[in-house]
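For reference, the structure discussed in these notes is given below.
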Amino acid sequence: MIFAVVRTHLARLRRDRAAFVLAFVVPIVFFSIFAGLFGSSRGGGARRISVAVVDEDGSENSRRLVAALKAEKGLSVVSGTIPKGSRSQTPFDRASAEAAVREGNVPLALIIPKDFGRTPIRFGASARRPKLELLADSSDPVAPQVVSGLLQGIVATAMPEAMARTGMEEIDRWGGGLTAEQRAKMEENLRVLRDRTASVTPAGGAAAAGLVDVQVRDILGETKKNPTSALLAAGLGVMFLLFSAAGAGGALIEEAESGTLDRILSTRVSMGRLLLGKVAYLSAVAVTQLVVMFVWGELFFGLELHRHIPGFLIMTVATAVACSCFGLVLAALSRSRIQLVALSNLLILAMSALGGSMVPRYLLSETIQKFGLVTLNAWAIDGFMKVFWRDEPIVNLWPQVAALLAGSLLLFAAARRLARRWDVA
Amino acid sequence: MTESLPLEVRDVSKAFAGRKALDGVTFEIFPGEILGLLGPNGAGKTTPVRGVAGRVLQDSGGLSLFGLSPADSGARALRGWVPQEIALYPLLSPRENLWTFGRYQGLEGQALETAIVANLDWAGLSDRADERTDRLSGGMKRRLNIAAGTIHGPRLLLLDEPTVGVDPQSRERIYEMIGELKARSVSLLYTTHYMEEAERLCDRIAIIDHGRIIASGTRDALVRQTLGAAQTVSIETELAIPADVREALTKFGATVDGTKVQASVEDPAVQIREFLEIFHAKGIGIRDLALKSATLEQVFLHLTGRELRE
């Protein structure tokens, strides 16, 4: 009897292609996507953290530090910007580097202060201890910690002569004083060490904690009540909007199956108008969903919606329209409700993984981050982050709004084309 | 200048994936007329209806509604379509469904409200107007399906098997609704595979089989053209019919089976009297006697060699 049950369901599974895909293909696809996102062995490469570097000191030591930073594999050092209409790079100063962080062009800016080169390294707490300043965008909380650690190691290996000199001074101070002969010999060796290291490219090496003071300043999150809530609300909001639009778009399949669609198309309503009406409906529902979600975020999770209403509304409408058009494409592509469920699970989860709804994109390699821009999630999340995180003016939302609206147009055109199967037979 | 007919279908052919669904179909509907398209399942009744509804494009031939192409916006306003399926929104109420299809047909404001109230009343659904449609009985859904196709007051209504799966009581109510449409001079194209329905409702009948119209005309004309003026007399005797009587009866063209006799008669008054005299002479009592006109079923059987099956 049990065998009969098993056999019956196996036969059903074999003939139900959507269930088959859900059972076997979707897990493989997702394993591949996540392995691709986080595995560095093939394609994409490991994640490199971009750092804007401002050398206010201009000393030999500070230049050597910058060179060492550039040689570090885990970092991508940006020294300046290329202004519009110019071909040459303008080096960063403190203000322009801070602006670059605020605008999200780089997650970090390292300021090497004046006089850093004189005493770049100190052992233990000291008033003369040099302070490197790290201006951070804590929407990526990993980057400042990684770079702080890397700096300790880089400083140690990039400036062995400075380290040795500091050591000599400490011995001089605590060891009862060096003789003139010892001091002269040490100076000579330090000169040799400096000359030798000037031509050697540092390899990073082990971190020597506490050699330099790194002061991290969270220039974006310092005034925010709950820095992570905006990222979460935007990421999850877009993903659920896509699911919700795909589900609601399934009404088109039900209308086709029940004969209602045929009946509608025999009235004065054309397919184009019908689809436009559906986009309008789906968008209105999506806008309401996002409003409810963000109001909830404001009430219970410190998301400062009241301070960002215009930008929020612009991004909400653009995102809602794009997600609605996407839902319509899935519905027009699917032959049945079951197919729609399989297809939407596959595509929406993949888009959400790539586009930053599941995992922040800053954790992914640069290549994957760029590839993620093919998803609606990435553009929507970037736009919401500009509004809620960077407090950018509304006009700065134009790339995200333009991308979402262009995507909407393309998706609508695709939905209309796919819906031709319901046109006159 | 002559006024265009509500519907003209001229030599229309249509194939789906190489299979011919219509093969040179021609018929027309005159103002206020009900034309029945009678045929078994799969005969090709629905395809011309969908063509007139603008949902199927013919491969060849011509199709016009009041002189307009089915896709023309004027034709959309003049035409109403009641599909075979219950093509309604199940979660909406009858009132909301009628509002939806009224709006889709361009009605608005007071005209729409008036049409909704009138159609709910016409379909006998006024007291269930605000319930969910999926909670109505099968007959009620069928009536609402018809009302949704007539909400905008079409001059030509396409009814595709509107009584399928309906109980006798609801079927009678639907017949009444169709009678009221006829009284309003609405022209109707009515597809069915129920012979009685076609005989009762339709002014003219076109019999369709394998995508071709094999005969058309009034019910009487179809019978006369196909089977002549003959009627069928059936007699059942109290005793088995002996061989000599059987022989006498077969001379009159009768068939005998045990106690049952059946014969085609053109002059019933004379021929029935002759049969009865034979039985009387042999002392054979009569248990039952019936005289029937030929049916469309017989017409279809005669034309195709097959029964008009359901």
Does any residue in segment A:37-60 that is farther than 30 Å from A:M358 by Cα and among the β-branched types (V, I, T) come within less than 8 Å, Cβ to Cβ, of a residue that is at pLDDT 65 or above and assigned to a loop (DSSP other than H, G, I, E, B) six or more places away or on a different chain, and which pairs are these?
A:V53/A:S79; A:V53/A:F92; A:V54/A:F92; A:V54/A:D93
Of those in segment A:70-114 that are among the polar types (S, T, N, Q) and not in a strand (DSSP E or B), the residue nearest to A:L220 (Cα to Cα) is A:N105
Here are some conditions: (1) loosely packed, with under 15 Cβ neighbours inside 10 Å; (2) away from chain A (no Cβ under 14 Å); (3) modelled with pLDDT under 95. B:V117 meets all but one. Which one does it not meet?
(3)
Look through segment B:1-34, keep the residues that are among the aliphatic types (A, V, I, L, M) and under 16 Å from B:D209 (Cα atoms), and return whichever of them is surrounded by the fewest Cβ atoms within 10 Å (Cβ to Cβ).
B:A15
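If you check B:L98, B:L112, which single one turns out to be touching a Gly at 6+ places or on another chain (Cβ under 8 Å), in a helix (DSSP H, G or I), modelled with pLDDT of 95 or more and within 14 Å of another protein chain (Cβ to nearest Cβ)?
Values: B:L98 fails: touching a Gly at 6+ places or on another chain (Cβ under 8 Å).
Checking each option against the conditions leaves just B:L112.
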Name the residues in segment A:375-400 that are in a helix (DSSP H, G or I) and surrounded by fewer than 18 Cβ atoms within 10 Å (Cβ to Cβ), would you?
A:I394, A:V395, A:N396, A:W398, A:P399
Please list, ordered by residue number, the helices (runs of 4 or more DSSP H) wholly in segment A:215-296 having 2 or more residues that are of a type in the set (S, T, Y).
A:227-249
What number goes with the only condition from (1) assigned to a helix (DSSP H, G or I); (2) in contact (Cβ under 8 Å) with a residue 24 or more places away in the chain; (3) basic (K, R); (4) surrounded by fewer than 22 Cβ atoms within 10 Å (Cβ to Cβ) that A:K370 does not pass?
(2)
Over segment B:38-90, the set of residues more than 8 Å from chain A (Cβ to nearest Cβ), without any contact (Cβ under 8 Å) to a residue 60 or more places away in the chain, assigned to a loop (DSSP other than H, G, I, E, B) and crowded, with 22+ Cβ neighbours inside 10 Å is B:P70
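The values are calculated or read from the model by the stated rules, or taken from the named source; none is laboratory data. In this text, all values refer to a predicted model and were calculated from it rather than measured experimentally. Every residue, glycine as well, gets a Cβ built from its backbone with ideal geometry; the counts of neighbours run over all protein chains shown.
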